[in-house]
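*Asks:* Right, I'll just put the structure down here and ask away after.
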Amino acid sequence: MVAEGAQFAEKAGANGELVLQEAQKDEFGHVRLGGISQVLAKAIEKRTKFETRYVVLGHIQRGGSPTAHDRVLATRFGVYATEMVHRGEFGKMAALQGNRIVAVSLAEATATLKTVDMDIYGIAREFFG
């Protein structure tokens, strides 16, 4: 994860300047931050030689109004992921199992292709499709 306004250290090969979405200033004199995730993904890919993609949270959130459950679940994931970092649990992701958030290794999470249960898909299609 990386936040808008994050800067690369000069020793990391960048110039330490803010990554901007656009150089124009708003009515309050602030520049529009954005684009750090793209820059970071390219840097990771260059160093690791693994294809690296980024996701902009705001794009995902435009999928509709979140419910109270969505908001609480997102908060739980964020808190758990932060706790994982503090415990040094890298190479894992926060996952929902039942109603519990647990740490799952990335190898385990990506070992098999997960598909949508067609019965659930059929029900959803009746309501949303």
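*Asks:* Could you tell me whether Lys42 is in the same structural domain as Val19 (by TED's automatic domain parsing) and either surrounded by 10 or more Cβ atoms within 10 Å (Cβ to Cβ) or over 24 Å from Ala3 (Cα atoms) (or both)?
*Replies:* Numbers: in the same structural domain as Val19 (by TED's automatic domain parsing): yes; either surrounded by 10 or more Cβ atoms within 10 Å (Cβ to Cβ) or over 24 Å from Ala3 (Cα atoms) (or both): yes.
So Lys42 passes the test.
One line per residue, one yes/no per condition, for (1) assigned to a helix (DSSP H, G or I); (2) assigned by TED's automatic domain parsing to the domain that holds Met1; (3) over 17 Å from the mean Cα position of the chain (by Cα); (4) not basic (Lys, Arg):
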| site | (1), (2), (3), (4) |
| --- | --- |
| Met84 | yes, no, no, yes |
| Met93 | no, no, no, yes |
| Val104 | no, no, no, yes |
| Ala111 | no, no, yes, yes |
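*Asks:* Still on this structure, please answer the following. If we keep just the residues of the stretch 21-44 that are of a type outside the set (D, E, K, R), assigned to a strand (DSSP E or B) and farther than 17 Å from Val55 by Cα, which is modelled with the lowest pLDDT?
*Replies:* Step one: filter the stretch 21-44 for residues of a type outside the set (D, E, K, R), giving 21, 23-24, 28-31, 33-41, 43-44.
Checking the rest, the ones that are also assigned to a strand (DSSP E or B) come to 21, 23-24, 31, 33.
Of the ones still in play, those that are also farther than 17 Å from Val55 by Cα are 23-24, 31.
Numbers: Ala23: 71, Gln24: 76, Val31: 75.
My answer is Ala23.
*Asks:* Taking the stated definitions as given, is Asp117 over 30 Å from Gln7 (Cβ atoms) and either surrounded by 10 or more Cβ atoms within 10 Å (Cβ to Cβ) or more than 15 Å from the chain's Cα centre (by Cα) (or both)? Break it down into steps so the answer makes sense when it comes.
*Replies:* Details: over 30 Å from Gln7 (Cβ atoms): yes; either surrounded by 10 or more Cβ atoms within 10 Å (Cβ to Cβ) or more than 15 Å from the chain's Cα centre (by Cα) (or both): yes.
Yes, satisfied.
The values are calculated or read from the model by the stated rules, or taken from the named source; none is laboratory data. The shown structure was predicted, so the numbers you read here are calculated from the model rather than taken from an experiment. Using ideal geometry, Cβ is built from the backbone for each residue, glycine included, and neighbour counts are taken over all protein chains shown.
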